[in-house]
Amino acid sequence: MNDPHRKGAPARAHDVRDLLRELFPETHRELFGEQDAARSAPPTLGLYPVADGRLALVHGEQLAEFTPLDPKTRGALHCDLCHYTRSRSEAALYRVQVGARRTRYVTLCTATEGCQKRAGTRGLESLAERIFPIEPIGPGDH
Ligand SMILES: [Zn+2]
């Protein structure tokens with residue numbers, strides 16, 4: 001039943017790899033883990049509606065909260081993500097706290113799903129580059 005001639009060459013490369021993963025998970029992660037992770041799971045990137053009309057920008061482990069403001073202008077708004085020109089009912093100005101004393105203002109479509117589709121991953125990446133990294137806000141910095 002255990003005939004090596006019928007089974008062909010034992011221990012092909014991927015078998016060794018599976019064995020490594022089982023017996024030495026640490027070593028396996030060092031050798032293959034990061035490559036595998038990068039290939040199979042790109043970092044999360046997207047805008048997600050949260051409570052009170054706010055949006056959360058998530059990029060991997062990082063998160064920024066966008067708080068809607070009442071725009072002072074009465075004219076059209078220009079979305080910083082999909083770069084469409086929107087009326088005041090279709091977009092909003094958001095404030096993002098990026099550090100203890102640093103704030104960014106971003107105009108985004110309120111219908112964020114369509115906006116993100118128009119912008120695509122590239123658009124979201126360049127928005128994330130403008131926002132992240134966020135400086136940690138210390139307890140005495142309010
Ligand atoms: Zn937009």
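Rule-based calculations on the coordinates, nothing more; no lab input. Because the structure is a prediction, the values reported are computed rather than measured. All Cβ positions, even for glycine, are placed from backbone atoms using ideal geometry, and neighbour counts span all protein chains on display.
Listed values, structure above:
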| read-out | value |
| --- | --- |
| Estimated inter-spin distance, Arg122 and Ala56, nm [label 7 Å along Cα→Cβ] | 2.9 |
| Hz values of 3J(HN,Hα) by residue in region 90-100 - Karplus curve (6.51, -1.76, 1.60), Gly and Pro given as x | 9, 9, 9, 8, 10, 9, 10, 7, 10, x, 4 |
| Stretch gain in nm, segment Lys72-Arg88, where the contour uses 0.36 nm per residue and the Cα spacing is subtracted | 4.7 nm |
| Convex hull volume per residue for region 45-131, taking Cα atoms only, in Å³ | 91 |
| Interchain or long-range residues, amide H under 5 Å from Ala91's placed H | Thr110 |
| Residues whose placed amide H lies under 5 Å from that of Thr107, excluding near-sequence neighbours | Asp80, Tyr94 |
| Local electrostatic count at Arg86 - Lys and Arg +1, Asp and Glu -1, tallied over other residues with Cβ under 12 Å | 0 |
| Within region 74-107, trypsin sites (Lys or Arg not before Pro) in DSSP loop having at most 16 other beta-carbon neighbours inside 10 Å | Arg74, Arg88, Arg101, Arg102 |
